[in-house]
Amino acid sequence: MKRDIVIIGGGPAGLAAAVAAYDAGCKNVLVVERESEVGGVLKQCIHNGFGLTRFKENLTGPEYAHKFIEEAEKRGIEMLKDTFVTELTADKKVTCMNQSGIFTVEAKAVILAMGCRERSKGALNIAGTRPAGLFSAGTAQKYVNVKGMLPGKRVVILGSGDIGLIMARRLTLEGAKVLCVSEIMPYSSGLRRNIAQCLNDFGIPLYLEHTVAEIEGEGRVSGVTLVKVDENKRPIAGTEKHFDCDTVLFSVGLIPENELTERAGVALDPRTKGAVVDGDRQTQTEGVFACGNVLHVHDLVDFVSEEAEIAGRAAAEYALQGGRAHAYISAENGENVTYVLPQRVDKNKNAPQKLFFRVRKAFRNAVVTVDTGARRKTVKKIAVAPGEMESVALSAEEIGGAEYVKIAVTGGDR
Amino acid sequence: MKYDVAIIGGGVIGALTARELARYALSVVVLEGAADVAAGASKANSGIVHAGFDAAEGSLKARYNVAGSRMMATVCEELGVGYENNGSLVLAFDEAQIGILETLLARGRANGVRDLRIIGREELFLREKHASGRAVAALYAPTGGIVCPFELTIAAMGNAMDNGVLLLTDFEVVRAENGKTVTLHAADGRAVSAGYVVNCAGAGAEKIARLFGDDSFTVGARKGEYILLDSAAKGFVKSTIFSVPTAAGKGVLVTPTADGNILIGPTSVEEPDFSTAIRRGAFGEIIEKARAICDGIPFGETITSFAGVRAYCDRHDFIVEESRKAENLFNTAGIESPGLTSAPAIGKAVAEKIAARFGAEKKKDFNPKRRAFSWFRKLGAAEKNAVIAEDPAYGKIVCRCESVTLGEIVNAIRQNPPARTLDGVKLRTRAGMGRCQSGFCQPATLETIAKEYGLSLGEVTKNGKNSAIVSGGAI
Ligand SMILES: Cc1cc2nc3c(=O)[nH]c(=O)nc-3n(C[C@H](O)[C@H](O)[C@H](O)COP(=O)(O)OP(=O)(O)OC[C@H]3O[C@@H](n4cnc5c(N)ncnc54)[C@H](O)[C@@H]3O)c2cc1C
C-alpha cells in the first residue's frame with residue numbers, strides 16, 4: 001500500500017491535519033486510528049468550553065470533534081479505524097495491525113498525531129496499599145461519560161490538572177461527593193476558568209502544597225492521608241489530613257505518547273517530551289511531522305487545530321514537491337520559560353512565525369522579552385501561569401535578521 | 001467426591017506440587033483462599049533463580065535451591081514461562097567484603113553450585129557498566145537466573161489442571177476434620193474430602209497446621225518493598241546485582257525481570273500482620289541502598305511499586321516433611337527465599353513421597369507441555385496474519401503499552417486456570433502492566449471479563465472479594 005501522507009492518530013490533531021493537507025492539494029491522505037471512532041479524547045469530554053477561540057462558540061468536545069469529522073468526511077478522506085500502528089520507520093514505512101491482519105503502508109510524508117497519555121499513579125512512589133478504586137482522571141471520565149458508570153461515591157482527587165478539575169464537577173453532578181482536590185505545587189496546573197467553574201462553584205476545597213502520604217484499604221480503597229509540603233516538597237510532620245473515601249483520582253500530568261516516534265529514531269526534546277520541530281512542525285527526520293498533544297501538551301484544543309493545520313499544509317507541500325533547503329536558528333528558553341516551540345526556526349521560510357512557550361511560575365503584569373541576537377523586543381501580559389500556553393509573534397523581517405530567538409519572562413509580582 | 005490428595009494453597013509451591021502429582025494416577029484438588037492463584041508471596045518477589053551460595057551447607061534451603069535451579073530451565077521451557085540465565089554478581093566494596101565473597105564462594109562450592117568465581121573490577125565493569133564505580137570485586141555466579149514468578153505459578157497450575165487436577169478458588173480453609181479421611185471446610189460453607197492433605201499455605205501454613213493439631217512450628221513475616229522501572233530502562237543491567245549479604249538478609253538488589261523491566265528492592269522489615277502496605281519511608285530507603293550498588297539508576301522510569309511478604313518459620317530452614325504431630329498431613333512451611341527457585345525440586349520431592357505412600361503409578365498420558373502466554377507475540381507477521389484470519393480478535397490491540405490483543409485476553413479467561421479478575425488478566429497477559437498502568441485498557445478489559453462471565457461491569461473485581469473496580473453504580 002502507498003499513500004502520499006499517512007497520519008497516525010484520528011483525534012483533533014490528526015483530523016485537522018488531514019483536512020488541511022487535502023485543502024493544500026494533497027488528496028491521497030490516510031488517517032489511521034486505533035479506536036473504533038475518530039475524535040480522540042474529545043469523544044469523552046462532554047463538557048463545554050471548546051472552540052471559544054477558534055469558532056467563537058461554546059462547544060462540547062464531541063461537537064468540536066464533529067466539525068472536523070464532517071470536514072474530513074465531506075472530502076472523502078480515507079480513515080482506517082480499529083487499526084493500531086505497531087511500527088514506524090525513518091523511511092516512512094508505517095506498519096499497521098487490525099482485524100484483517102498486519103500490513104505496511106509506504107508514505108511520502110507522515111504526520112504524528114498520537115496524542116498523550118496520563119501520568120500514572122505508579123510513577124509517584126505512594127506509600128500504603130494498592131486497592132481497587134484508584135483511577136487516572138481520564139479513565140474515570142471514560143467510565144462516567146462513555147460507559148455510564150460512576151467509579152465510586154466518595155472521591156479524593158490528587159493533582160489539579162484540567163481533567164481532574166473537570167471530573168470534580170462531573171462526579172459531583174452525578175451524585176458523588178468530591179471531598180477535595182490536592183496539589184503539590186503552590187499553584188494549579190489547570191486553567192483558571194476550570195478552578196472557578198469546577199471547584200469554587202461547587203465549594204470543593206483545593207489544598208495547594210499538599211501531597212498524598214498514604215493510601216489505605218484492602219480490597220477497595222478506604223481512605224487517603226494528605227500532608228502539607230515545604231518549599232522543597234518535603235512533607236511537614238503534623239500537617240496530615242485524613243479522608244475516608246472509596247475512590248481516588250489522579251490528575252498528575254500528561255505525557256506525549258512518543259514510543260513509536262522514539263523507535264523510529266526521531267529526535268525528542270526532553271523539555272516537551274515531544275519531537276524537536278521547526279515552524280512547519282517538521283521533525284528532524286525529513287518528511288515526518290508532528291502536531292497536537294504528541295508534540296507538546298496543549299491546554300486548549302483550539303491551538304491543537306491551529307498547529308495541526310500548519311503540519312498538514314507543510315506535509316502536503318513535502319509530499320507533492322519534496323523537501324527544501326533550510327537555514328535553521330534555534331529557539332531557546334530564557335529566564336522563567338520551560339520550553340519554546342518550535343525549537344528551530346527556518347529563516348528560508350521567509351514568513352511570520354508564532355512561537356509558543358510556557359512559563360515556570362505564575363506572574364502578574366509579566367514582561368516577555370524576545371531576544372533575536374540582533375534586537376530585543378518586549379511584550380506585556382497581564383498574567384501568565386504554567387497552566388496556560390503563551391505565544392509571541394515574529395514578523396518575517398524579525399526572523400530574517402535573527403541569529404537565534406530567546407524568550408524570557410520577568411517582572412511583575414507573583 | 002473424595003480426592004486422594006488436597007493441596008491447600010495455590011502459590012508456586014502448591015502449583016508445582018500439583019503439577020508433579022498430576023504425573024501420577026491420583027485424584028488431586030487444589031484449594032486456594034483467594035480469587036486466583038499466585039495471590040501471596042509468589043506474586044510479589046524478586047523473581048531470582050538463586051545460584052545457591054547463600055544457604056547454609058547441609059540445610060534444606062541449600063539442597064532444594066541447587067536442585068531447583070538446575071530444573072528451572074527445563075520446567076520453564078515445558079511450561080512456556082519466561083526464564084533467563086542472566087548470571088548474578090555480588091559486589092564487594094572493601095577488603096572485609098572480599099572476605100565475605102570468599103566465604104560465599106566456599107559455601108556455594110560445598111552446596112554444589114557450578115562455575116562460581118570471584119572477578120576483579122575490570123571484568124565486573126565489562127559485564128555491567130552501571131555497577132557502582134566504588135566496587136572492588138564481585139562474586140560471579142553464571143548459573144544465576146531470572147524467572148517470572150507469577151507466570152510460573154499460573155502456568156504450573158494450568159498444566160496441572162490440563163492433566164486432571166481440580167482448582168477451587170475463593171476456598172479459604174477454615175476448619176479440618178481429621179478422621180479416616182480429612183474433610184476441609186471453606187469459610188463459605190463448601191467442603192472437600194481427601195485422603196491426604198498437603199499444606200502449601202505460605203503465610204497461612206502455621207494456621208493450617210494448627211487446624212490439624214500440629215503446633216510444631218510458627219510462621220513469622222518479613223515484608224520486602226520494591227520499585228519497578230518501565231521496559232524503557234531495559235538493558236540498564238543485564239545480570240542480577242546484589243550487595244554482600246548481612247544478618248538482615250540478602251539486601252537490596254538491582255535486576256532485570258524476565259518480562260524486560262528493571263526491579264529494585266527488596267527492603268526487609270518485620271510485618272506481624274502480613275500487610276503488603278508500603279511504608280512511607282520505604283522509597284528513600286530503596287533508592288539509597290540501590291545507589292550504593294549501581295550508578296545512574298533511571299528512577300524517572302518508575303512505573304509502580306509493590307511489596308511482598310516472606311513467610312519464614314522459627315526453625316529458620318524450609319519445612320518439607322510429613323507432619324510431626326498429625327496424621328494425613330504433609331507440611332511445606334517457612335518457604336521464604338529461595339523458595340521460588342526451590343519450588344520445582346520441592347514439588348517433585350513432595351509428589352514422590354505421596355505417590356509412594358499411595359503406591360500410585362505414573363500416568364502414561366501426562367503432558368508436561370503448556371502453550372506459552374507469549375505464544376502470539378512471538379510469532380512473525382505472516383504467522384500472526386494466519387492467526388488473525390482464524391480469529392480477528394488477535395488483530396485488535398487492547399493494551400497499547402504492552403501490545404496485548406483482545407484474543408490474548410479472551411484466551412487468558414478461557415485457558416486453565418481461568419482469569420476471573422482484572423489482576424488475573426493482567427498477570428497472565430501483561431495488559432495494564434506498562435507505562436500507563438491500565439489507564440487506557442482497563443475499561444475494555446473489564447468489559448471483556450464481564451462479557452465472558454455474563455456479569456455487569458460493576459461486578460468485575462480487581463482481585464476478588466470487596467474489590468469491585470467501578471462501585472458507584474450505573475448513571
Ligand atoms: C520480598 C520477597 C522476595 C523474594 N525473592 C525471591 C527470589 O528472588 N528467589 C526465590 O527463589 N524466592 C524468593 N522469595 C521467596 C518466594 O517468593 C517464596 O518462597 C514462594 O513464593 C513461596 O510460595 P508458597 O507457595 O509457599 O507461598 P505463597 O505464594 O504465599 O502461596 C500460599 C497460598 O496459600 C493460600 N492460602 C493461605 N492460607 C490459606 C487457607 N487457609 N486456605 C486456602 N488457601 C490459603 C494463599 O492465598 C496463597 O495463595 C521471595 C519472597 C519475598 C516475599
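The values are calculated or read from the model by the stated rules, or taken from the named source; none is laboratory data. Quick caveat: nothing in here was measured; it's all calculated off a predicted structure. Glycine also receives a Cβ, built like all others from the backbone with ideal geometry; neighbour counts cover every protein chain displayed. Heads up: the accessible areas ignore ligands, DNA and RNA and are worked out on the full protein's heavy atoms, side chains in. Shrake-Rupley method; radii C 1.70, N 1.55, O 1.52, S 1.80 Å.
Points to keep in mind about this one:
- Amide H contacts of B:Arg117 (H built 1.01 Å from N, under 5 Å, at least 5 apart or other chain): B:Tyr140
- Look at the stretch A:216-222: the mean tally of other chain Cβ atoms within 10 Å of its residues' Cβ atoms is 4.
- In order along the stretch B:32-44, the Karplus-derived 3J(HN,Hα) couplings, from 6.51 cos²θ - 1.76 cosθ + 1.60 at θ = phi - 60°, round to 10, x, 8, 6, 8, 6, 6, 9, x, 4, 6, 8, 10 Hz, and Gly and Pro are given as x.
- Summarising the amide proton neighbourhood of A:Glu214: residues at separation of 5 or more, or on other chains, whose placed amide H is nearer than 5 Å comprise A:Thr225.
- Interface A:B - total buried accessible surface [probe 1.4 Å, Å², rounded to 100]: 3900 Å²
- Cα shape, the stretch A:325-414, gyration tensor, a/c 1.5 rule: prolate
- Only aspartates and glutamates eight or more places from B:Lys378 in sequence, or on another chain, were considered; those with a Cα closer than 14 Å are B:Asp259, B:Glu402, B:Glu408.
- The relative contact order of chain A, computed from alpha carbon pairs under 8 Å that lie at least 6 residues apart in sequence, is 16 percent.
- Separation of alpha-carbon centers, the stretch A:304-361 and the stretch A:114-155, rounded to whole Å: 34 Å
- Of all aspartates and glutamates in the structure, the ones whose alpha carbon falls short of 19 Å from that of A:Lys228, not counting any fewer than 8 places away in one chain, are A:Glu183, A:Glu209, A:Glu214, A:Glu216, A:Glu240, A:Asp244.
- Accessible surface of the stretch B:376-459 [probe 1.4 Å, protein heavy atoms]: carbon and sulfur percent: 51 percent
- Exposure rule at most 14 other beta-carbon atoms within 10 Å, DSSP loop chymotrypsin sites (Phe, Trp or Tyr not before Pro): chain A longest free segment: A:56-403
- Filtered GluC sites (Glu not before Pro), the stretch A:38-73: DSSP coil and at most 13 other beta carbons within 10 Å: A:Glu57
- Isolated Cys residues of chain B, judged by Cβ distance under 4.7 Å to other cysteines: B:Cys76, B:Cys148, B:Cys200, B:Cys294, B:Cys313, B:Cys401, B:Cys436
- Separation of alpha-carbon centers, the stretch B:99-149 and the stretch A:31-86, rounded to whole Å: 57 Å
- Using heavy atoms of the protein chains and a probe of 1.4 Å, the accessible area assigned to A:His242 is about 100 Å².
- Surface accessible to a 1.4 Å probe, per residue, for the residues of chain A, Å²: 38 Å²
- Per-residue Karplus couplings for the stretch A:190-207, computed as 6.51 cos²θ - 1.76 cosθ + 1.60 with θ equal to phi - 60°, are listed in order as x, 5, 4, 5, 6, 4, 5, 7, 9, 9, 4, 5, 10, x, 8, x, 10, 9 Hz, Gly and Pro entered as x.
- Computed FRET value (nearest 0.05) for A:Glu231 with A:Ile329, which takes r as the C-beta separation and R₀ as 41 Å: 0.65
- Viscosity 1.567 mPa s, temperature 4 °C, Stokes-Einstein D of chain A from Kirkwood C-alpha radius, µm²/s: 58 µm²/s
- With all protein chains kept in place, the per residue accessible area of the stretch B:372-475 amounts to 38 square angstrom at a probe of 1.4 angstrom.
- Loop trypsin sites (Lys or Arg not before Pro), the stretch A:227-270 (other Cβ atoms within 10 Å of the site Cβ: 12 or fewer; DSSP): A:Lys233
- The H on the amide N of B:Ser132, modeled in the peptide plane, is under 5 Å from the matching H of B:Cys294, B:Asp295, each at least 5 residues off or on a different chain.
- Using the Cβ-Cβ distance between A:Lys2 and A:Arg193 with R0 set to 45 Å, the FRET efficiency from 1/(1 + (r/R0)^6) comes to roughly 0.50.
- Within the stretch A:239-261: backbone nitrogen closer than 13 Å to the B:Arg280 label point (7 Å, Cα to C-beta): A:239-242
- Candidates A:Asn293, A:Asn98, A:Asn258, ranked by Gaussian network fluctuation over chain A, Cα under 10 Å, top entry: A:Asn98
- Of B:Lys348/B:Lys426; A:Lys43/B:Lys465; A:Lys142/B:Lys462; A:Lys273/A:Lys377; A:Lys147/B:Lys396; A:Lys92/A:Lys273, those spanning more than 23 Å from alpha-carbon to alpha-carbon: B:Lys348/B:Lys426; A:Lys43/B:Lys465; A:Lys273/A:Lys377
- Average beta-carbon neighbours from other chains, 10 Å sphere, peptide A:129-142: 6
- For the stretch B:266-280, 3J(HN,Hα) computed residue by residue from phi via the Karplus equation (6.51, -1.76, 1.60; θ = phi - 60°) reads x, 7, 8, 9, 4, 9, x, 9, 6, 6, 9, 6, 7, 6, 4 Hz, glycine and proline entered as x.
- Whole-angstrom gap from the stretch A:159-193 to the stretch B:21-37, using each part's C-alpha centre: 48 Å
- Loop-located GluC sites (Glu not before Pro) in the stretch A:267-347 whose Cβ has at most 15 other Cβ within 10 Å (DSSP): A:Glu286, A:Glu335
- Just the protein heavy atoms count here, and of the accessible area of chain A at 1.4 Å, carbon and sulfur take up 49 percent.
- Cβ-defined net charge surrounding B:Leu455, 11 Å radius [Lys, Arg +1; Asp, Glu -1]: -1
- For the residues of A:115-126, the average number of beta carbons from a partner chain within 10 Å of their own beta carbon is 6.
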